[in-house]
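Rule-based calculations on the coordinates, nothing more; no lab input. Computed from a predicted structure; not experimentally measured. No Cβ is skipped: glycine too gets one built from the backbone with ideal geometry, and neighbour counts run over all protein chains shown.
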Amino acid sequence: MPESATSIAAASRALGDGELVAFPTETVYGLGADASNTSAWAPLYAVKARPSAHPVIVHFASAARAFTWARVVPESARVLAQTFWPGPLTLLLPRAAHVLDAVTGAQDSVGLRVPSHPVALQLLRAFDQDLARMPALGIAAPSANRFGRISPTTAQHVRDDLGTDVSCVLEGGACDVGIESTIVDCTRAVPVVLRPGLITAAQIDQALKKITPSIAQPATSSARGALAQQTSTTHAGSHHTPRVSGALASHYAPRTPAHLIETHALDTAIARYAGHAAVLAFSHPDERVDFWLRLPRQPEAYAQGLYAALRELDQAQCQVMLVEAPPDTPEWQAVLDRLRRACHVASASDTQ
Ligand code: TXA
Ligand code: MG
């Protein structure tokens, strides 16, 4: 048996035994547990150091298996699943009766996702082999970082963060997408984007319009689009918003205080922190700065490298991290969302 097949089988058995398994997805690495096994939850929350009221996304190998966890599947969800699964999209649907409160944070919705990473799909298929079984076996997986820290995009990041707390870490290389999935709440009459990601509000809008014209409003002309989009206005704990831990103001944060700086102000900021700043920018290194990383001007490529760059600059242990702000345009919204949270401590754009 090839080595990867052995480790997939071993990982699947470990999940069945109530153990945790870290595995790659195309977005970020997840920390997986059997979503139907109550005794797997205590270790998951302990390792994540995450408040237990926070809901977790459940992963499956196919839409058909995922939908066994929903009480009803609105047409919007079917359309989005058909268009974007397997892929970096999470759908919130009304939960089925068997779904544990621990999965949903005791809310009436459950977050479902079919990832596209081949290792994730192999693991999900191995874990949910018996297709006659109803409901399906799903893997609950938050990102495999400690709560509030930067999500891991390589197996080494997972080991750096979680150390010996998790013995089974499946290797899958660097994640292609690099930031967490787009979350769409399909429990409302008009679906709402709760967390932006590689799949944009405009693409979701387009998919819904193409197949069910009655759902969407007139054409999307901006990031806000025809769909209601709560990404910049969602506050964890506000009375009408489901709890989404990625919606906390300070999330995905490096330890070094980070500032989001407009391009025109970068030079002044560098001068101010001369010798004490780590910089993440589009432009070439400045000789006054010892720790300087560049990321591409394309949003997808930028997202792919973002978390690894933040980790690397964090390790420099400078006084501050200066991050050159990308343009505030629709295609940069997912990256900007993560940067604003990472830079919560001292960002000029901080309003929360
Ligand atoms: O790309 C991703 O989504 C990665 C990979 C591993 O799949 N997972 C991920 O999980 O980012 P996590 O736990 O770090 O973030 C999931 C977000 C959280 O903010 C959680 O509150 C929200 O999804 N969520 C999950 N189920 C929910 C529900 N039923 N209602 C509201 N929010 C939910
Ligand atoms: Mg997370």
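For the stretch 310-335, the residues whose amide N sits under 19 Å from a probe point set 7 Å from the Cα of residue 265 along the beta carbon direction are 319-329.
Evaluating 6.51 cos²θ - 1.76 cosθ + 1.60 at θ = phi - 60° for every residue in the stretch 99-104, the Karplus couplings come out as 6, 5, 4, 4, 6, 9 Hz, glycine and proline recorded as x. Note on residue 10 and residue 284: their simple-model spin labels are 4.9 nm apart, each label 7 Å out from Cα toward Cβ. This ranking places 67, 127, 147 by how few other beta-carbon atoms lie within 10 Å of each, fewest first, which gives 147, 67, 127.
Judged by the ratio a/c of the largest to the smallest principal axis of the C-alpha gyration tensor, the stretch 106-198 counts as oblate, that ratio being 1.5 or greater while a/b is no larger than b/c. By other beta-carbon atoms within 10 Å, ranking 252, 273, 29 with the fewest at the front produces 273, 252, 29.
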